[in-house]
Amino acid sequence: MSKTVPLGDIAAFDDEADVIVIGYGIAGACAALEARRSGGDVLVIERASAGGGSSALSSGLFYFGGGTAVQQAAGYDDSAENMYRFMVASMGMEQANHIRRYCDDNVAHFDWMEAQGVPFERSYYPDKAVFILSTEGLMSTGNEKVWPFRDIATPVPRGHQVQMAGESPGAGAMTPLLARCEEEGVRASHDSIATALIVDEAGGAAGVAIRQTGQDRYYRARRGVVIATGGFGVNKEMLARYFPGLPDTAEPLGTPYTDGSGILLGTAAGAATSGMDGMIATASIYPPGQLIKGIIVNTLGQRFVAEDSYHGRTASFIMEQPGQRAFLIVDADIFAYPEITTAHHELIDGFETVEEMEARLELPSGSLARTMASYNRHAAQGRDPLFNKHPDWLKPLDKGPWAAFDISFNRSNYLYITLGGLKITSDAQVLDGKGAVIPGLYAAGACTAHIPRCGKSYASGMSLGPGSYFGRVAGRVAMGNSAPLSGAAGA
Ligand SMILES: Cc1cc2nc3c(=O)[nH]c(=O)nc-3n(C[C@H](O)[C@H](O)[C@H](O)COP(=O)(O)OP(=O)(O)OC[C@H]3O[C@@H](n4cnc5c(N)ncnc54)[C@H](O)[C@@H]3O)c2cc1C
């Protein structure tokens, strides 16, 4: 799996195509569709018996903005510039080119997605949630309202959920995309695992070696190979290397094929990786939203994050605390159990006094009492000088009895996806260790470095959104199509 096959070693190819796409999730399907529409003969290699990947299992949230039809219908003004300002502020400048391109094309990309038959309801879900089982098309899924970002860009919701009730609206995106591919003549080879890239004398990608029903086969790619194989959340060796402190209680999200095989195919051909130590983990305290009015403290009895942060941001800060431990403290006014029961945030107990709670949590003497006194004093004035938690979520925690939930990273059940992967240009071309493009090799989706480098800057939808967009870019660029992206069907 970690080798390449020299082109000259192959006496005869079993098949050939202009563009070979490895992996039939959202990135692969979008790449295949665009390569096909750019005039290519396209072959998708998929390890499972059907397309869909983790994309089909997902909550179907796309991070779209810039003034989409759904945002407009819900009464939100957004622009490419506003979206760009938020994204570079929260996700950093390192991938500013990718962000610029993504934001500038976002409305057209949203329109394209709908034109393929991926539906988004013109409605807004106003409450704090991680995912919803109903069909509203728009919800807030990031840190837009969190300080300092709310002062840098106008906060607007950008989580666009595919219109499909239930736990896996991602299937509502994959079904029409796979149907379009099939209708338009994209060929697919299922139950076929890509085992190596075939490389020419110049080091460029010239094809793919696959294993199918126990046989090795060799497929020639005349124009390019697109790797779209997803993340590496189930690869134990890679996890041990990049996340040495990952506790056994953390669980990967995705199919069993989320094993980083495409990243290894790429690196064997000289590709560079980026952001490999990035992950978004989640075990949200909300819903219900009222729990955000509580405070989160570490084993020193100190707050360390604005509690109104996106759940992945909160989780990232929890991971960094001493012993990866954290407690959610609430008073009688706001007491409720976290609704996402799979997170397994254990209720430690209820307490008549803060001192009792402090002792039971084994916090340094006086630490929690000091933290709460200061928090309560400022909350009564509608302020949070430590972390600037939004005034909507501030209230003094002064109504006993009090309760504590254990929300430690290594006690609760955090679910994660990996964010690092192959390094690509904003044209989805794979880069080598010296920053040069590897000829004929493209990549998109969760096998590439996500725009957000860690859970602190992630927003739900930042995998499906850019994965679909850069998948399209990859398919086009592989076919030499430099026409601007358009929102029209088939364009
Ligand atoms: C429950 C859940 C909820 C989620 N919710 C969201 C959400 O709402 N929004 C969001 O943005 N993200 C979400 N995610 C994450 C997101 O779904 C994935 O990061 C994203 O779907 C990755 O898309 P992809 O096309 O890169 O990979 P995938 O969709 O995983 O597709 C990769 C494909 O490649 C195939 N493959 C792998 N290796 C090989 C190989 N060697 N040869 C041939 N084929 C191979 C796989 O079988 C798979 O079909 C969620 C994930 C899960 C599991």
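The values are calculated or read from the model by the stated rules, or taken from the named source; none is laboratory data. Just so it is clear, the model here is predicted, and its values are computed rather than measured. Quick reminder, even Gly has a Cβ in these numbers, built from the backbone with ideal geometry, and neighbours come from all protein chains shown. Quick note on the areas: whole protein, heavy atoms, side chains included, nothing else; ligands and nucleic acids left out. Shrake-Rupley method; radii C 1.70, N 1.55, O 1.52, S 1.80 Å.
Right, Tyr218: out of contact with any Pro (no Cβ under 6 Å at 6 or more places or on another chain), closer than 30 Å to His344 by Cβ and either away from the ligand (no atom under 13 Å from the Cβ) or open to solvent by 10 Å² or more (accessible area, probe 1.4 Å) (or both) or not? So Tyr218 fails the test. The requirement of being more than 17 Å from Gly23 (Cβ to Cβ) and either modelled with pLDDT under 95 or within 16 Å of the ligand (Cβ to nearest atom) (or both) is satisfied by Met164. The set of residues from region 393-405 being open to solvent by 20 Å² or more (accessible area, probe 1.4 Å) and either more than 15 Å from Glu307 (Cα to Cα) or at pLDDT below 95 (or both) comprises Asp398, Lys399, Gly400, Pro401, Trp402.
Please go through region 167-189 and pick out each residue that is over 19 Å from the mean Cα position of the chain (by Cα) and either within 13 Å of Glu114 (Cβ to Cβ) or modelled with pLDDT under 95 (or both).
Keep residues of region 167-189 that are over 19 Å from the mean Cα position of the chain (by Cα), which gives 175-189.
Selection gives Pro176, Leu177, Arg180.
So, in region 198-215, of the ones that are in a loop (DSSP other than H, G, I, E, B) and closer than 19 Å to Ala478 by Cβ, which residue ends up least open to solvent (accessible area, probe 1.4 Å)? Selected residue: Gly204. Filtering region 460-476 down to residues that are of a type in the set (S, T, N, Q) and near the ligand (Cβ under 6 Å from one of its atoms), which residue is nearest to Ser55 (Cα to Cα)? Result: Ser463. If you go through region 370-427 and pick out every residue that is polar (S, T, N, Q), more than 16 Å from the ligand (Cβ to nearest atom) and outside any helix (DSSP H, G or I), you end up with 7.
Just to be sure, is Ser140 within 19 Å of the chain's Cα centre (by Cα) and either without any contact (Cβ under 8 Å) to a residue 60 or more places away in the chain or surrounded by fewer than 18 Cβ atoms within 10 Å (Cβ to Cβ) (or both)? Yes, satisfied.
Does Val208 fit the bill of being assigned by TED's automatic domain parsing to the domain that holds Leu43, more than 9 Å from the ligand (Cβ to nearest atom) and in contact with a Leu (Cβ under 8 Å, 6 or more places away or on another chain)?
Numbers: assigned by TED's automatic domain parsing to the domain that holds Leu43: yes; more than 9 Å from the ligand (Cβ to nearest atom): no; in contact with a Leu (Cβ under 8 Å, 6 or more places away or on another chain): yes.
In short, no.
Would it be correct to say that Pro452 is assigned to a loop (DSSP other than H, G, I, E, B), in contact with a helix residue (DSSP H, G or I) (Cβ under 9 Å, 6 or more places away or on another chain), open to solvent by 30 Å² or more (accessible area, probe 1.4 Å) and at pLDDT 95 or above? So Pro452 does not fit the description; no. Report yes if Val44 is over 18 Å from Ala459 (Cα atoms), surrounded by 23 or more Cβ atoms within 10 Å (Cβ to Cβ) and outside the structural domain of Ser316 (by TED's automatic domain parsing), otherwise no. Considered against the rule, which asks whether it is over 18 Å from Ala459 (Cα atoms), surrounded by 23 or more Cβ atoms within 10 Å (Cβ to Cβ) and outside the structural domain of Ser316 (by TED's automatic domain parsing), Val44 comes out as yes.
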